[in-house]
Amino acid sequence: VVSLNGSTVATLNRGEFHEMDLPSSSYNEINTTGAALLAQYSKGTSADGVTSDPFMMLVPPFEQFSGAATFTTPASGFSAHFVNVVVQDGGIGTVQLDGVVIPAVDFTAIGSSGFSGAQIPIS
């Protein structure tokens, strides 16, 4: 059973999949009653008017969240860059980006999951 923000959206058998088209500006809680692999797609600029390349990424379950990450942005081609950060609510006010605490006001609760997310502009 797949749930989106507490509401059942699909019941799947092994090997089946379910697609959802969610606004890029939304935070959503997705739960499953069994093992699942979640992929997030960005359709690119034509989908929402935000300058971006299409991409696909795998979203790990919270049990596999990492305490640290190193990443880079392209040197040219885009006027803005962002990093999406997800943290347990108790960690708000302790997460750092380049040694600076991300302000608590930047985070938005993700449903009733006990997690919050922030989209932070970076250089």
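The values are calculated or read from the model by the stated rules, or taken from the named source; none is laboratory data. For clarity, every value in this text was computed on a predicted model and none was experimentally measured. Cβ: placed from backbone, ideal geometry, glycine included. Neighbour counts: every protein chain shown. All accessible areas refer to the heavy atoms of the entire protein, side chains included, with ligands and DNA or RNA removed. Shrake-Rupley method; radii C 1.70, N 1.55, O 1.52, S 1.80 Å.
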Task: Residue check for HIS18: over 17 Å from the mean Cα position of the chain (by Cα) and open to solvent by less than 100 Å² (accessible area, probe 1.4 Å) - done: yes
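Looking only at region 52-74, filter to residues that are among the β-branched types (Val, Ile, Thr) and open to solvent by 90 Å² or more (accessible area, probe 1.4 Å); which one of those is nearest to GLY91 (Cα to Cα)? Even if it seems obvious, please write down each step before you answer.
To start, the set of residues in region 52-74 that are among the β-branched types (Val, Ile, Thr) comprises 59, 70, 72-73.
Right, trim to open to solvent by 90 Å² or more (accessible area, probe 1.4 Å) and you get 70, 72.
Working: THR70: 19, THR72: 24 Å.
Among residues in region 52-74 that are among the β-branched types (Val, Ile, Thr) and open to solvent by 90 Å² or more (accessible area, probe 1.4 Å), the one nearest to GLY91 (Cα to Cα) is THR70.
Table: residues versus (1) at pLDDT 85 or above; (2) part of a strand (DSSP E or B); (3) touching a Leu at 6+ places or on another chain (Cβ under 8 Å).
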residue: GLU16; (1), (2), (3): yes, no, no
residue: SER24; (1), (2), (3): no, no, no
residue: ALA39; (1), (2), (3): yes, yes, yes
residue: SER52; (1), (2), (3): no, no, no
residue: MET57; (1), (2), (3): yes, yes, no
residue: GLY90; (1), (2), (3): yes, no, no
- [ ] Starting from region 62-78, keep only residues that are farther than 16 Å from GLY117 by Cα, then list their pairs with residues that are of a type in the set (Ser, Thr, Tyr) and assigned to a loop (DSSP other than H, G, I, E, B) whose Cβ atoms are within a distance under 7 Å, requiring at least 6 positions of separation or different chains.
- [x] PHE78/THR51
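Can you tell me which of VAL1, VAL83 is under 26 Å from ILE122 (Cα atoms), of a type in the set (Val, Ile, Thr), without any contact (Cβ under 8 Å) to a residue 60 or more places away in the chain and open to solvent by less than 80 Å² (accessible area, probe 1.4 Å)?
Details: VAL1 fails: under 26 Å from ILE122 (Cα atoms).
On inspection, the qualifying residue turns out to be VAL83.
Condition first: of a type in the set (Ser, Thr, Tyr) and touching a helix residue (DSSP H, G or I) at 6+ places or on another chain (Cβ under 8 Å). Now tell me which residues in region 79-123 satisfy that.
SER116, the sole residue that qualifies.
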- [ ] Just one of (1) over 22 Å from VAL1 (Cα atoms); (2) touching a strand residue (DSSP E or B) at 6+ places or on another chain (Cβ under 9 Å); (3) surrounded by 12 or more Cβ atoms within 10 Å (Cβ to Cβ) trips up PRO121, so point out which.
- [x] (3)
Open item on the list: If I go through region 37-51 residue by residue, how many of them are open to solvent by less than 90 Å² (accessible area, probe 1.4 Å) and either in contact with a strand residue (DSSP E or B) (Cβ under 7 Å, 6 or more places away or on another chain) or among the aromatic types (Phe, Trp, Tyr) (or both)?
Closed with: 4
